[in-house]
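Here's the structure, in structure tokens; my notes come after.
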Amino acid sequence: MLFRSLDDMSTGIECLLADNPDHALYLAGQLDDMNQTRRHIEADMQRTALAALDAMGGMQDGQLATGICLYEPGWHQGVIGILASRVKDRLHRPVIAFADAGDGWLKGSARSIPGFHVRDALDAVATSEPGLLDRFGGHAMAAGLSLRVEDYPRFAAAFDREAARCLSPDELESVLLTDGELAPADISLATAELLHNSGPWGQHFPEPLFEGRFELVQQRLVGERHLKMVLRGGSELLDAIAFNVDLDRWPDTTRTEISLCYRLDVNSFRGQTSLQLVVEHLA
């Protein structure tokens, strides 16, 4: 069987274009295997990254860098973007994760937070430190770059300085703005379909986010890191899912009630549509 790297899109494209159902099923199996491998690699990389930050004292005493750079020689190039996104979500800091690209070069993948244009930040670093970056590109919330291995410490310091220059303490506080609570009667498939058809939603035009407190009837893990829940709101039972939860905290069988921020989603499965709450924050 031909080995393909995790960041190779050709298997997915070949699967979508396949005329033979048996061949398409075979390719789908390959994609599933690659996805499982990616998940395990990403989980190991995230543990390594958080342990490194903890060892530096930042996570314990609150003295985190404003702009965080992470690098381990064994990290996989195809997963550093996911890693940067996970750490960014957890720490609410702009994060760049690096992997070895061979021949003395590093490849970096950046993810940012509101208020910090990461591509412009890389441009500012390149201007203040000529020759430090080989190439870079991207947009406000994500970017890619490459630099020499020996220049990593100098770049990490420069990126932190630029982030500290641009970001205020208030912007480093993770804040969720919601549209308030919904009446039980409005937590419905009809409302979810209305919102779905009112898009498209995106940056500076976010999909409505609601908050509420519910009775937690059932909870279980699916897909290794996602928390599937059954909630009771008023007299109705509601399906809900929270993606990539902290496995040190969830599932929590001691909880019978839960406060959360959520979006209303139309879940389609086997020709049936139903309401699902997509949880953005668990409290």
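The values are calculated or read from the model by the stated rules, or taken from the named source; none is laboratory data. Given the structure is predicted, the values throughout are model-derived calculations rather than measurements. Note that each Cβ is placed from the backbone with ideal geometry, even for glycine, and that neighbours are counted across all protein chains shown. Areas reflect the complete protein model, heavy atoms only, side chains present, ligands, DNA and RNA absent. Shrake-Rupley method; radii C 1.70, N 1.55, O 1.52, S 1.80 Å.
Separation of segment 188-236 and segment 147-166 by C-alpha centroid, Å?
So the two Cα centres are separated by 39 Å.
If you take the beta carbon distance between GLN218 and TRP250 as r and set R0 to 22 Å, what does 1/(1 + (r/R0)^6) give as a FRET efficiency, to the nearest 0.05?
Once the sixth-power term is evaluated, E becomes 0.95.
How many angstrom separate the Cα center of segment 21-52 from the Cα center of segment 70-89?
14
By how many nm would the segment from ARG38 to SER259 grow when fully extended, if each residue of separation counts as 0.36 nm and the alpha-carbon distance is taken off?
Once the chain is fully extended between ARG38 and SER259, it gains 76.4 nm.
Helix-derived [θ] at 222 nm for the chain: sum -39500 (n - 2.57) over DSSP H runs of at least 4, divide by residue count, nearest 500?
Here the helix-only value at 222 nm equals -10500 deg cm²/dmol.
Need one word for segment 176-283: rounded, prolate or oblate. Basis is the Cα gyration tensor (sqrt eigenvalues a ≥ b ≥ c); a/c below 1.5 gives rounded, then a/b vs b/c decides.
Judged from the Cα gyration tensor, segment 176-283 comes out rounded (a/c under 1.5).
To the nearest 10 degrees, how steeply does helix 21-55 sit against the main Cα axis of the chain, on a 0 to 90 scale?
Roughly 70 degrees, rounded to the nearest 10.
Please give the peptides 256-265, 173-182 ranked by average Cβ packing (other Cβ atoms within 10 Å per residue), highest first, as a rough proxy for protection.
Result, highest mean first: 256-265, 173-182.
In segment 253-267, which residues have a backbone nitrogen under 18 Å from the label point lying 7 Å from ARG232's Cα in the Cα-to-Cβ direction?
In segment 253-267, the label zone of ARG232 (backbone N under 18 Å from the point 7 Å along Cα→Cβ) covers 253-260.
Rounding to the nearest 10 and keeping the result within 0 to 90°, find how far the Cα-based axis of helix 80-91 lies from the longest principal axis of the chain.
Relative to the chain, helix 80-91 is tipped by roughly 70 degrees.
Ignoring ligands and nucleic acids, what accessible area does SER85 show with a 1.4 Å probe (Å², nearest 10)?
Spelled out: SER85, probe radius 1.4 Å, area about 30 Å².
For HIS196 and HIS92, what does the FRET efficiency come to when R0 = 25 Å and r is the distance between their Cβ atoms, rounded to the nearest 0.05?
After rounding to 0.05, the efficiency reads 0.30.
Could you work out the relative contact order of segment 74-191, using alpha carbon pairs under 8 angstrom and six or more residues apart, expressed as a whole percent?
Once normalised by length, the contact order is 21 percent.
What angle, in degrees between 0 and 90 and rounded to the nearest 10, separates the Cα long axis of helix 118-128 from the longest principal axis of the Cα atoms of the chain?
Value to nearest ten degrees: 10.
Give the relative contact order (percent, whole number) for the chain; include only Cα pairs under 8 Å separated by 6+ residues.
Reported relative contact order: 11 percent.
Choose one of VAL87, LEU122, ALA140: the residue whose Cα lies farthest towards the positive end of the charge dipole of the chain (beta-carbon charges +1 Lys, Arg; -1 Asp, Glu; about the Cα centre).
Value computed over the given set: VAL87.
Is the shape of segment 192-253 best called rounded, prolate or oblate, per the rule: a/c under 1.5 gives rounded, else a/b larger than b/c gives prolate, else oblate, with a ≥ b ≥ c the square roots of the Cα gyration tensor eigenvalues?
Judged from the Cα gyration tensor, segment 192-253 comes out oblate (a/c at least 1.5, b/c at or above a/b).
Is segment 128-240 best put as rounded, prolate or oblate by its Cα gyration tensor, with a ≥ b ≥ c the root eigenvalues, rounded for a/c under 1.5, and otherwise prolate when a/b is larger than b/c, oblate when not?
prolate
In the chain, what is the volume of the convex hull around the alpha carbon atoms, normalised per residue and reported in Å³?
That works out to 170 Å³ per residue.
Roughly how big is the chain's charge dipole about its Cα centre, with Cβ charges of +1 (Lys, Arg) and -1 (Asp, Glu), in debye to the nearest 20?
Here the size comes out at about 220 debye.
Mind giving me the FRET efficiency for ALA185 and SER128? R0 is 51 Å, r the Cβ-Cβ distance, nearest 0.05 is fine.
So the FRET efficiency works out to roughly 0.35.
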